[in-house]
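Student: One structure coming up, written as structure tokens, with questions to follow.
The values are calculated or read from the model by the stated rules, or taken from the named source; none is laboratory data. All values reported here derive from a predicted model rather than from experimental measurement. Here the Cβ positions follow ideal geometry from the backbone for every residue, glycine too, while neighbour counts run over all protein chains shown. Quick note on the areas: whole protein, heavy atoms, side chains included, nothing else; ligands and nucleic acids left out. Shrake-Rupley method; radii C 1.70, N 1.55, O 1.52, S 1.80 Å.
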Amino acid sequence: MTATNMDDLVSLCKRRGFIFPSNDIYGGMKGLYDFGPMGVELKINLKNSWWKSIVYERDDVEGLDSTILTSPLVLQHSGHEDTFTDPLVDCKNCKARWREDQIVNNECPSCKSKDLTDPRPFNLMFKTAIGPVDDGSSFAYLRPETAQQIFVNFKNITDSTSRTPPFGIAQIGKAFRNEITPRNFIFRVREFEQMELEFFVKPGSDEDWHKYWLDKRLQWWSDQGVNSQKIKLLEVEKEELSHYSKATFDIMYEFPHGLEELEGVANRTDFDLGSHTKNQDDFKISSKVKENKDSTTKLVIQDLETKEWFIPFVIEPSAGVERGVLAILNEAYTVEEENNRTVLKLKSHLSPIKAAVIPLKRNNQDLVNLANKVKSELQSLGLGRVMIENSGNIGKNYRRHDEIGTPMCITVDFESLENQSVTVRDRDTMKQERISLSEINSYYSSYFKN
Ligand code: ATP
């Protein structure tokens, strides 16, 4: 049986050190979460898997790590200052604030009053003062998406790598949105991470590339253990499209609280590069862009055949790390009543701990020494975190590692000291087999490489 209940996930995440409410000992802060010892490993593994498939396994994508603090000029020309808003409704009775789409029957969801304000646009970007004088004249935004810094680095990257379309720039990093009502655990939060690829193509080839990236991204989610049956594709209605988009497909997933967006795959056209380009009139720009008197450069590419300069179109797959973690935990969470256990059946490349090495008797120096030796050898193979469990309670250790999704537990017992072998227990089948110490490294690496 898999989890369908958010409370089960929240409770496991707290109990086993995946996710905690942020600023917890001071009462927490809405829409902010911290990733604990297991959560941080799961997040790193998910991000590495994305980076591997987007950058390392291809030959047409470069990486970037840009700043979070962003000049207002960037977000002015990108259109975010004007349009990155949600419609906000106030309840005049209880003073609660809602996003318009949360209001049903023209009624406050909290106090049921019908005395509501008309919706008005509320900008979701966070501002912060820059420099020692906070007089409002010098400020930056915390970026609301990682994408804009990719666009403003376009020339730096093409100049330094000689890339021409089709090629992409990938970035993983924090984004901030002052969501009106953060909710559903880590699904809608105010600080989160995005994994974004901006893939630059020749105008005219954009629709084919859009389909290409949609397929790639669906396959990737399936490779992370997300059941394709729980994924639905939604083509965003024309009137709902973001200001930069010609077409967007939302990859929707059946989260415990309902069907919602896991990732968006948008055709951003030439809007962004066009908006950040100086002397825009020199180029054919298909999107409606505002005049730009601030930019110092042209974000253009020369067609090697026709020698004409053009502004590339952009296909953008943009996925949230937190939403990915939530979907993956939801898929992996399994209650086996017949075995009286809860087990996280994570894909092994995502497991926070790859193997737990357990000396059968706590603090028995010979057993602990041998366990340490096994741990350091497996750790040096570089496949992820391996840990020692020196609590002496093997049943408890198995339960804990089932719940955090450790694929294998390796027990060092007294027989190990005599015949140089260990017991390996498989998380999913619970089968145990005896493996010689001379073979444990290759057993372990072939398990994770397959
Ligand atoms: P939604 O409609 O759910 O608010 P969005 O369409 O505004 O999402 P995008 O701007 O397309 O989202 O951002 C790309 C991805 O970033 C989303 O698919 C999602 O995975 C993630 N994301 C966006 N906002 C949040 C948030 N507040 N908390 C967590 N992840 C988010």
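Student: Quickly work out the GLU377-to-SER438 label distance, labels modelled 7 Å from Cα along the C-beta direction, and quote it in nm with one decimal.
Tutor: 1.1
Student: Find out how many positive minus negative residues lie around ILE44, taking Lys and Arg as positive, Asp and Glu as negative, among other residues whose Cβ is under 14 Å from that of ILE44. Don't jump to the answer; show the numbers that get you there.
Tutor: Numbers: positive: LYS43, LYS47, LYS52, LYS354, ARG385; negative: GLU41, GLU193, GLU322.
Within the 14 Å Cβ shell, the charges total +2.
Student: For ARG362 and GLN420, compute 0.36 nm times the residue count separating them, minus their Cα-Cα distance, and round to one decimal in nm.
Tutor: Working: separation 58, 0.36 × 58 = 20.88 nm, distance 1.90 nm.
Difference between extended and current length: 19.0 nm.
Student: With every protein chain present, what accessible area does MET38 have (1.4 Å probe, heavy atoms only), rounded to the nearest 10 Å²?
Tutor: 10
Student: On to the next question. Have a look at ILE440, VAL152, THR83 and report the one farthest towards the positive end of the charge dipole of the chain, computed about the Cα centre with Cβ charges (Lys/Arg +1, Asp/Glu -1).
Tutor: With unit charges placed on the Cβ atoms, the residue in question is ILE440.
Student: How much of the accessible area of the range 353-449, in percent, comes from carbon and sulfur atoms when a 1.4 Å probe is used? Show your work: numbers first, answer last.
Tutor: Details: 2110 of 4520 Å².
Whole-percent figure for carbon plus sulfur exposure: 47.
Student: Tell me the accessible surface of VAL10 in square angstrom (1.4 angstrom probe, heavy atoms of protein chains only), to the nearest ten.
Tutor: Answer for VAL10: close to 50 Å² accessible.
Student: Roughly speaking, what is the stretch gain from GLU308 to SER137, that is 0.36 nm per residue apart minus the C-alpha to C-alpha distance, in nm to one decimal? All intermediate terms of the calculation are to be shown ahead of the outcome.
Tutor: On the way: separation 171, 0.36 × 171 = 61.56 nm, distance 4.12 nm.
Separation in residues times 0.36 nm, less the Cα-Cα distance, equals 57.4 nm.
Student: Give me the accessible area per residue for the range 207-321, probe 1.4 Å, as a whole number in Å². Before the final figure, lay out the partial values.
Tutor: Values: 5910 Å² over 115 residues.
For the range 207-321, the per-residue accessible area is 51 Å².
Student: Return the FRET efficiency for the residue pair ASP60, THR429: r is the Cβ-Cβ distance, R0 is 45 Å, and the value is rounded to the nearest 0.05.
Tutor: Working: r = 41 Å, r/R0 = 0.90.
With R0 = 45 Å, the Cβ-Cβ based efficiency is 0.65.
Student: Please list, ordered by chain and number, the residues whose modelled amide H lies under 5 Å from the amide H of ILE388; skip anything fewer than 5 residues away on the same chain.
Tutor: Excluding prolines and chain starts, which carry no amide H, the hits are VAL357.
Student: Further, regarding this structure: Report in % the part of the accessible area of the range 39-173 that belongs to carbon and sulfur, leaving out ligands and nucleic acids; probe 1.4 Å. Kindly include the intermediate steps, with their values, before the conclusion.
Tutor: On the way: 3300 of 6730 Å².
The computed percentage sits at 49.
Student: Taking C-beta distances below 4.7 angstrom as the pairing criterion, name the unpartnered cysteines of the chain, in sequence order.
Tutor: CYS13, CYS409
Student: With every protein chain left in place and a probe of 1.4 Å, what is the accessible surface of ILE353, to the nearest 10 Å²?
Tutor: Result for ILE353: roughly 0 Å² accessible.
Student: Let me ask something additional. What whole-number distance in Å separates the alpha-carbon centres of the range 84-149 and the range 187-204?
Tutor: Taking the Cα centre of each part, the range 84-149 and the range 187-204 sit 22 Å apart.
Student: Suppose every Lys and Arg Cβ carries +1 and every Asp and Glu Cβ carries -1, with no other charges. What dipole size does the chain come out with about its Cα centre, to the nearest 20 debye? Write out the running numbers ahead of the final one.
Tutor: On the way: 58 positive and 69 negative charges, 235 e Å.
Dipole magnitude for the chain comes out near 1120 debye.
Student: So how far, in whole Å, is the C-alpha centre of the range 337-372 from the one of the range 213-232?
Tutor: Taking the Cα centre of each part, the range 337-372 and the range 213-232 sit 30 Å apart.
Student: Through the Karplus equation 6.51 cos²θ - 1.76 cosθ + 1.60, θ set to phi - 60°, convert the phi angles of the range 405-418 into ³J(HN,Hα) values in whole Hz; use x for Gly and Pro.
Tutor: Rounded to whole hertz, the list is x, 6, x, 9, 10, 10, 9, 9, 10, 5, 5, 4, 5, 7.
Student: So for ASP59, ASP272, ASP223, ASP426, what's the accessible-area order with a 1.4 Å probe, most first?
Tutor: Details: ASP59 135, ASP272 0, ASP223 75, ASP426 40 Å².
My answer, sorted largest first, is ASP59, ASP223, ASP426, ASP272.
Student: Could you tell me which of the pairs LYS52/LYS232; LYS47/LYS375; LYS30/LYS298; LYS112/LYS246; LYS211/LYS288 are separated by over 30 angstrom between their Cα atoms in the structure shown?
Tutor: Working: LYS52/LYS232 25 Å; LYS47/LYS375 25 Å; LYS30/LYS298 41 Å; LYS112/LYS246 39 Å; LYS211/LYS288 24 Å.
Where the Cα-Cα span goes over 30 Å, the pairs concerned are LYS30/LYS298; LYS112/LYS246.
Student: Further question on the same structure: If THR67, THR117 are ordered by their accessible area, calculated over protein heavy atoms with a 1.4 Å probe, which sequence runs from highest to lowest? Don't skip to the end; give the middle numbers.
Tutor: Values: THR67 85, THR117 35 Å².
Output order, biggest surface exposure first: THR67, THR117.
Student: Another question about this same structure. Just grab the label-to-label distance for GLU237 and VAL10, each label 7 Å out from Cα along the Cβ direction, in nm (one decimal).
Tutor: The modelled label-to-label distance comes out at 3.1 nm.
Student: Also, quick follow-up: Report, in whole Å, the centroid distance computed from the Cα atoms of the range 7-32 and the range 237-308.
Tutor: If we compute the Cα centre of each part, the gap is 36 Å.
Student: Taking +1 at the Cβ of each Lys and Arg and -1 at the Cβ of each Asp and Glu, which of ASN369, ILE388, GLY405 sits farthest along the dipole of the range 353-449 towards its positive end, judged by Cα position relative to the Cα centre?
Tutor: Checked the options; the winner is GLY405.
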